[in-house]
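Accompanying notes for the structure given below.
Rule-based calculations on the coordinates, nothing more; no lab input. Treat the numbers as computed from the prediction; the structure is a model and nothing was measured. Cβ placement follows ideal geometry from the backbone for every residue including glycine, while neighbour counts extend to all protein chains displayed.
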Amino acid sequence: MSFHRVLALAGLAAFLAPARALASPEPPVQPRLYPVGGRFSLAATVGISVFDTLTQTGTLELRAGWDFNEWLGLDVSVTGALSGHTALADRIGQHLLQTPPVGTVDDLSDLWQLKAMVLAGVRLAPVYGKFNLGADLPIRYQAYLWLGGGAAWLDRTSVVICENVTSREQGTCGNWFSESRAAPVLSLALGFRIFTGMHGAVLLELRNLVWKDDYLLGIDRAASESGTVTGQRAPNPGFTNTVLIQLGYAFIF
Amino acid sequence: MSVLGTLLLVSALGAAPEPASDPLAGSPNVQYRVLEPKPFPDALRHELTLQPFVPQVGSTFTTHWLSSLTYTFHATEWLGLRLQPFWVWHAQRSRFSSELLSRVRQDAAAASSVMLQWGAVAAPEWSPIRGKFAAFGGIVRYGFVIFAGAGVGGTELELKTSDALGPATYGSTGLRMVATGGAGFRMQFGERWTVRLEVQDLIHWGSVSRINGCDSADLKTLNDQHAAGGITGAGVGGQCNFGAFQGTTGGGYDRGNDVGIAQSKVNEGGSDTLHVVGIYLGIGVEL
């Protein structure tokens, strides 16, 4: 394309653009009704795990946050959790116990359960908008992406290593092998702050937690049932990903 | 500054008007504003959305990756009807299911391991919430959509697992009714283009009573024939596709060995309701 044709097209585009603006002027942008920049917040949330396979978790979280400006904030949170095995995990353990304790087995991955957690992270909120609930109830919200990390206190109860079989026929165990540890945890969340007023917002979040897994391989079942746990730590145990849905309320000061 | 740049600057400065000032902005006497009409109405328009890569989330015993094409007729601004064919191009035993098999020698029940192969669902779609948001200096208009409907899907079941003898083999478990439900956001960019981000569940249920069309009695007959030297298909029902158990795979695996596996799976009994929850990100065009 020649230079003159480029010039002509560019000039045409420059003249057409304002002509469209004149024909259909954009309405003036309203200022934010609920600005958050430079404000402190305190929040409480409850959460449940979704997509549970072997473990299920419920959480209670207290969170303090500071918004540097309208789109960037920092949060620190403390979480307590109630967690346990799913019915599927219990059935796997029961069926295994009902088979004779011959040879070795490997323990299953993704069995660490969250008990407590401390997190800190940044909240990036590039989206501020509103929608109408019903005919005349405009709701303002912020959508954000949260990225951070911290420490998690975890418990693990095996569904493979039973140290005291109470009934082979029923597949019941009096003492499953269990262990505890603290581990670094990474967290990514997608969430909404749905403003109820200048000083409050409902929080709705989808949050994932990732920590390194750890379990035993090559466990001699007969030895473990007599109280001696054998086997070695998995060299490449991978990572456990837990997804939570959290709902809560934030007080913004 | 180049000649082109100078010309553009001069023409833009000369032509651009002052932005129209809003005479009511900041007025203490104005409490309500006239609603802005939708700049891009949807009513009586057709929308085609391609979701090329849909990963399943939260799988237990099986993993699906699929592609989907959604046609939506927007009957009104709020209601639409969608027709959605989908094709599962990757369905296999999940990592968890493989782990269960290899570590504690337990396998999921056949009824819990049925996988979708393809299907189509139809559903009314409702957009109860519309809004707009400011992001990165622009304004994006969106709608929150929910939908629920039903359709049909072809299903299959893994027979031989992938091992040293070759890749996994599968048997058809026939057509099933598929129910669906989902919700998500539909964002509009200009008059024609849309982006949808939805979470959708494809639900199917039932027992495994036939594999490749063969019921338990057919499979017993075929198993006897296989033990006697070759599958002929004599004496089996008309629905039974005994040809699926003949020959060998590319890796040299005798498909006749699948008959015994199929028979044990059909004889397991039981039924289950299975969910394939996927994240559907698609780009669409409105016609």
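Side notes on the structure shown:
- Note on segment A:140-253: enclosed strands (runs of 3 or more DSSP E) holding 3 or more residues that are surrounded by fewer than 18 Cβ atoms within 10 Å (Cβ to Cβ) are A:176-197, A:200-212, A:239-252.
- Residue in segment B:199-221 that is in contact with a Gly (Cβ under 7 Å, 6 or more places away or on another chain), among the aliphatic types (A, V, I, L, M) and surrounded by fewer than 17 Cβ atoms within 10 Å (Cβ to Cβ) present: yes
- None of B:67, B:59, B:94 is farther than 30 Å from residue A:72 by Cβ, more than 14 Å from chain A (Cβ to nearest Cβ) and among the polar types (S, T, N, Q) except B:67.
- First in segment A:105-134 and more than 7 Å from chain B (Cβ to nearest Cβ) and within 17 Å of residue A:240 (Cα to Cα), second anywhere and part of a strand (DSSP E or B) and charged (D, E, K, R), Cβ under 6 Å, 6 or more apart: A:111/A:156; A:112/A:156; A:113/A:155; A:115/A:155
- Residue A:46 meets all of the listed conditions (1) among the β-branched types (Val, Ile, Thr); (2) surrounded by 14 or more Cβ atoms within 10 Å (Cβ to Cβ); (3) in contact with a strand residue (DSSP E or B) (Cβ under 6 Å, 6 or more places away or on another chain) but one, namely (2).
- Of residues in segment A:94-103 being facing chain B (nearest Cβ under 10 Å) and either touching a strand residue (DSSP E or B) at 6+ places or on another chain (Cβ under 9 Å) or without any contact (Cβ under 8 Å) to a residue 24 or more places away in the chain (or both), the one farthest from residue A:44 (Cα to Cα): A:103
- Unique residue being within 16 Å of residue B:258 (Cα to Cα), among the aliphatic types (A, V, I, L, M), surrounded by fewer than 21 Cβ atoms within 10 Å (Cβ to Cβ) and without any contact (Cβ under 8 Å) to a residue 40 or more places away in the chain when the list is B:168, B:228: B:228
- Lone unmet requirement of (1) of a type outside the set (A, V, I, L, M); (2) within 11 Å of another protein chain (Cβ to nearest Cβ); (3) under 30 Å from residue B:94 (Cβ atoms); (4) within 22 Å of the chain's Cα centre (by Cα) for residue A:79: (2)
- Yes/no for residue B:100 being aliphatic (A, V, I, L, M), surrounded by 15 or more Cβ atoms within 10 Å (Cβ to Cβ) and either more than 14 Å from every other protein chain (Cβ to nearest Cβ) or under 21 Å from residue B:150 (Cβ atoms) (or both): no
- Flag for residue B:202 being part of a helix (DSSP H, G or I) and either touching a residue at least 60 places away in the same chain (Cβ under 8 Å) or over 30 Å from residue B:125 (Cα atoms) (or both): no
- Any chance residue B:235 is assigned to a loop (DSSP other than H, G, I, E, B) and exposed (fewer than 15 other Cβ atoms within 10 Å of the Cβ): yes
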